[in-house]
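Report on the structure given below.
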Amino acid sequence: MTIGGTGVMVLGALAAGVVAALLAVVLRRWWGTASAVSVAGLLWSLVAIALVTLVPTRADVGVVPAETRSEACSWDYGGPSGAAFEVLGLDQRTLNVLLFVPAGVFLVLAVGRWWAGLVLAPVGLAALAAYSLAIELTQLQLARLDRACDVTDLVDNVLGAGIGCAIGLVLLPVVRPWRDRRPPRPPAQETSLAH
C-alpha cells in the first residue's frame, strides 16, 4: 500500500498545524506569546517541509526498482528539473525557495528573545542547510519516494532559509520576543514550625 499525493501532504500539514497550535498554547505560559508561536511555527514548518519533500507526489508510485533509481545526486545546477512542474504559476525552483522561507523567519523569531540568538541564528541557518541536505540524501536513497536528489534544490532551499532569516531580522524589532520575559520567581519562603 502506498500513500502519497497532495491531499496527504495538506492533511499532514493541517494535523501538524493543530499540534503546533497546542504546543504554542502550552509554551506561552513560560515564554510569552511571540516566542511560543515562533518555536511552534518553526517546528510546524520543519514538518511541512518533510511532508512536501518526502511524501511521494502520487499515491500510485508503487515500487521503483533499485536498478532504475539514481546512484548519485544531480550536479546539473538549474537543470531541467526546475521546470518539472508548476503550482499556482510558480515553477519548482521558486517553490523550493518559498518552502524554506517560513522556517528561516520562525528560526530568527524563536531565538531572538535571547542574546545567544546572535550565535543561535547562524547556527540554526546552518542546521536548516543540513536539513535540506538530509532530505536530498533521503530522496537519493529511498527510490520508493520517486524523488530526485538535486543540488539545485539544496541551493534553492538554503536561499529560501536565508531570505526567511532576513525577513525575521526585519520583523524582530516589531515582534520583540524579549518583551514577554517572565521575571524570575522569588525563592519559596520556608516556614518554621519551631517557635
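On full extension of the chain, what length is gained from Thr94 through Ile3, given 0.36 nm per residue of separation minus the C-alpha to C-alpha distance? Working shown, then result.
Numbers: separation 91, 0.36 × 91 = 32.76 nm, distance 2.57 nm.
Once the chain is fully extended between Thr94 and Ile3, it gains 30.2 nm.
What translational diffusion coefficient, in µm²/s and rounded to a whole number, does the Stokes-Einstein relation yield for the range 116-155 at 10 °C and a viscosity of 1.306 mPa s, taking the hydrodynamic radius as the Kirkwood radius over Cα pairs?
Values: Rh = 11.1 Å.
My calculation gives 143 µm²/s for D.
So, taking all protein chains as they sit and a 1.4 Å probe, how much accessible area belongs to Val97, in Å² rounded to tens?
Accessible area of Val97: about 20 Å².
Would you mind computing, in nm to one decimal, how far apart the modelled labels at Val170 and Ala21 are, each placed 7 Å from Cα along Cα→Cβ?
My value for the distance between the label points is 2.8 nm.
Between Thr57 and Trp115, how high is the FRET efficiency from 1/(1 + (r/R0)^6) when r is the Cβ-Cβ distance and R₀ = 35 Å? Nearest 0.05.
Numbers: r = 43 Å, r/R0 = 1.23.
According to the calculation, E is roughly 0.20.
Which value, in Å² rounded to 10, gives the accessible area of Arg93 with a 1.4 Å probe and all protein chains present?
Rounded to the nearest 10, the figure is 70 Å².
Leaving ligands, DNA and RNA out of it, work out the accessible area of Arg179 with a 1.4 Å probe and give it in Å² to the nearest 10.
Counting only protein heavy atoms, Arg179 exposes about 130 Å² to solvent.
Can you order the peptides 109-118, 6-15, 130-139 by their average number of other Cβ atoms within 10 Å per residue, highest first?
On the way: 109-118: 18.8, 6-15: 13.9, 130-139: 17.3.
Highest-to-lowest ranking by the protection proxy: 109-118, 130-139, 6-15.
Counting only other residues whose beta carbon sits under 11 Å from that of Val97, what net charge do I get with K and R as +1, D and E as -1? List each step's numbers first, then the result.
Numbers: positive: Arg93; negative: Asp91, Asp153, Asp156.
Combined, the nearby Lys, Arg, Asp and Glu give -2.
Provide the per-residue ³J(HN,Hα) series for the range 95-109, in order, calculated from phi with Karplus coefficients 6.51, -1.76, 1.60 and θ = phi - 60°, each as a whole number of Hz, with x at glycine and proline positions.
Ordered by residue, 3J(HN,Hα) equals 5, 5, 5, 4, 4, 9, 4, x, 4, x, 4, 5, 4, 4, 5 Hz.
Determine the distance separating the Cα centre of the range 91-125 from the Cα centre of the range 135-179; give it in Å without decimals.
So the two Cα centres are separated by 8 Å.
The values are calculated or read from the model by the stated rules, or taken from the named source; none is laboratory data. All values reported here derive from a predicted model rather than from experimental measurement. Every residue, glycine as well, gets a Cβ built from its backbone with ideal geometry; the counts of neighbours run over all protein chains shown. Side chains are part of the model used for accessible areas, which takes the heavy atoms of the whole protein and leaves out ligands, DNA and RNA. Shrake-Rupley method; radii C 1.70, N 1.55, O 1.52, S 1.80 Å.
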